[in-house]
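Written out below as structure tokens is the structure these notes cover.
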Amino acid sequence: MKFSRFVLPLITIPLILCAADKDLEIPGLYGGIKPSDYVTGRFVPEKNPLFSSLKKSGVPAKGDWHFLRREAIASLKKLYDDFHAEHPDEPFQVQSSTRNFFSQKTIWESKWKEFSSRMKIKSNDEKGAAAVASAILRYSSMPGTSRHHWGTDFDLNELNNQYFETGKGRVLYDWLKKNAARYGFCQPYNAGRKSGYEEEKWHWSYMPLSKKFLEEWNNSCGSDPGAFSRRGLFTGSEISGRRSHEFVNEINGDCR
Ligand SMILES: [Zn+2]
């Protein structure tokens, strides 16, 4: 039952999203999936042998359905064990992990509906639609442009910066800032960037893989600014799609 929401749209959405001139697979990196499809989330993570369930790993997670790349899970388990040994009473829980194109499309379109209604934007108001896109893009990605597609990125504890500024949230955040890099993790959306998403103290990335996937995203999609602005790709794609390059690339320099 869980597969149907990912598998069905594969048949109905046009197959090519971004295409690189030289779309070669590095053995083992993409599990037989075309690299440009992988980095834009056009695959089913639970069916890919390079992914594993967080549930089996011993890393606490909210709900049952959480998949990440095996390398990211192995390193996250070490990080969790060391944090937990130092702070046995502090919460540590993965809230969100891999989401593919179709899962991100569902999130994006539900936010589009909610924000359009809240901002009272009519369907033919182009300026209004651009404002809706900007409001969603403060914290959420267009499908095909999310780091959550890659199996390397996850969200911890609370999707709220204030939580990480005091008490238990602060203990975890300070520990991660000091130690996460030793395990290969970085915070892509840190404070002080000029554009892109706002700061996200909860979002962390397994860099040894994600920096390769970022390069591949730029290789596949970066040379075609119109790749995500095809009308009908997702609601508002013709308005927001041209901003994809900015949002994918405006990240913490430590994550490159
Ligand atoms: Zn996130």
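Tabulated values for the structure
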{"item": "From the options Glu246, Glu216, residue that is over 19 Å from Lys194 (Cα atoms) and charged (D, E, K, R)", "result": "Glu216"}
{"item": "Pairs where the first residue, in region 87-113, is within 17 Å of Thr40 (Cβ to Cβ) and touching a residue at least 24 places away in the same chain (Cβ under 8 Å) and the second is within 14 Å of the ligand (Cβ to nearest atom) and open to solvent by 50 Å² or more (accessible area, probe 1.4 Å), C-beta under 7 Å, 6+ apart", "result": "none"}
{"item": "Criterion (in contact with a helix residue (DSSP H, G or I) (Cβ under 9 Å, 6 or more places away or on another chain) and open to solvent by 10 Å² or more (accessible area, probe 1.4 Å)) met by exactly one of Ser195, Ser240, Ser220, Ser205", "result": "Ser195"}
{"item": "Selected residue (only one of Leu172, Leu159 is within 16 Å of the ligand (Cβ to nearest atom), in a helix (DSSP H, G or I), of a type in the set (A, V, I, L, M, F, W, C) and in contact (Cβ under 8 Å) with a residue 24 or more places away in the chain)", "result": "Leu172"}
{"item": "Any hit, region 74-86, residues being within 16 Å of the ligand (Cβ to nearest atom) and within 22 Å of the chain's Cα centre (by Cα)", "result": "yes"}
{"item": "Any hit, region 191-204, residues being closer than 23 Å to Leu50 by Cα and within 13 Å of the chain's Cα centre (by Cα)", "result": "yes"}
{"item": "Criterion violated by Asp81 - all others in (1) in a helix (DSSP H, G or I); (2) surrounded by fewer than 16 Cβ atoms within 10 Å (Cβ to Cβ); (3) in contact with a Lys or Arg (Cβ under 9 Å, 6 or more places away or on another chain); (4) modelled with pLDDT of 95 or more satisfied", "result": "(3)"}
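For every residue, the table says whether it meets (1) within 22 Å of Lys201 (Cβ to Cβ); (2) surrounded by 15 or more Cβ atoms within 10 Å (Cβ to Cβ); (3) within 16 Å of the ligand (Cβ to nearest atom).
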site	(1), (2), (3)
Lys56	no, no, no
Asp64	no, no, no
Arg69	no, yes, yes
Val94	yes, yes, yes
Ser117	no, no, no
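The values are calculated or read from the model by the stated rules, or taken from the named source; none is laboratory data. Quantities reported herein were computed from a predicted structural model and do not represent experimental measurements. With ideal geometry, Cβ positions are generated from the backbone for all residues, glycine too; neighbour counts draw on all protein chains shown. For accessibility, only protein heavy atoms count, side chains too; no ligands or nucleic acids. Shrake-Rupley method; radii C 1.70, N 1.55, O 1.52, S 1.80 Å.
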